[in-house]
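In what follows, a single structure is set out as structure tokens and then discussed.
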Amino acid sequence: NAFLRERTDLSDIEAKYSTLVSDLHDLVEQQKKLSEEIAALKEQLAKAQTDAEKAAAQKKMDDLLAQQRALDAKLNQLAEKMENFVRDQPLYDIEAELKDTLAEKAQEIRDSTKANEQALQKLAADASQSPNGQPSPAGQTPPSQKMLDDFKKAADEQLARLGATEQSTQKEV
């Protein structure tokens, strides 16, 4: 009975872990897609001639910023889930090791989202300034190529950090 219980417990842990890794992979893929959408918006803005096209680019950028913030929130939720993955009193040595590893990976995710949030705040501060350095009304200034370059860079850096965390999580655990 003890052997069967241990086998069942470890199978359950493996299934739950697979779900965590799958969730992390899905979020990394969402970050990749978001980065691609930012690149497409850069091209759209470069081709924009009219004020209506520039306003559409502004709306799209606002949507992408909202998506990035939502993705960061999901990543933070996943990090919380990773930290609370293993029961408080692990029955098996492998659980204790898994708990330490997942806590480390959760912190890497939090650090990544924190760095990304700082980049987004800087981007928002830059966006609130008009080209002459004066504050402009919110939503009035269309995004510049520099803003989009900064946004793309932040998204790509986030993708690189998350990709490294995902790979190391799979390898270590």
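The values are calculated or read from the model by the stated rules, or taken from the named source; none is laboratory data. What you see is a predicted model, and the numbers here were worked out from it, not measured in a lab. Heads up, the Cβs are rebuilt from the backbone with ideal geometry, glycines too, and the neighbour counts pull from every protein chain shown. Side chains included, ligands, DNA and RNA excluded: accessible areas come from the protein's heavy atoms. Shrake-Rupley method; radii C 1.70, N 1.55, O 1.52, S 1.80 Å.
Tabulated results
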{"read-out": "Exclusive hit being open to solvent by 70 Å² or more (accessible area, probe 1.4 Å) and within 23 Å of K152 (Cα to Cα), set K59, K16", "value": "K59"}
{"read-out": "Residues that are open to solvent by less than 80 Å² (accessible area, probe 1.4 Å), free of Cβ contacts under 8 Å to residues at least 24 places away in the same chain and of a type outside the set (V, I, T), drawn from the range 19-41", "value": "S22, D26, A40"}
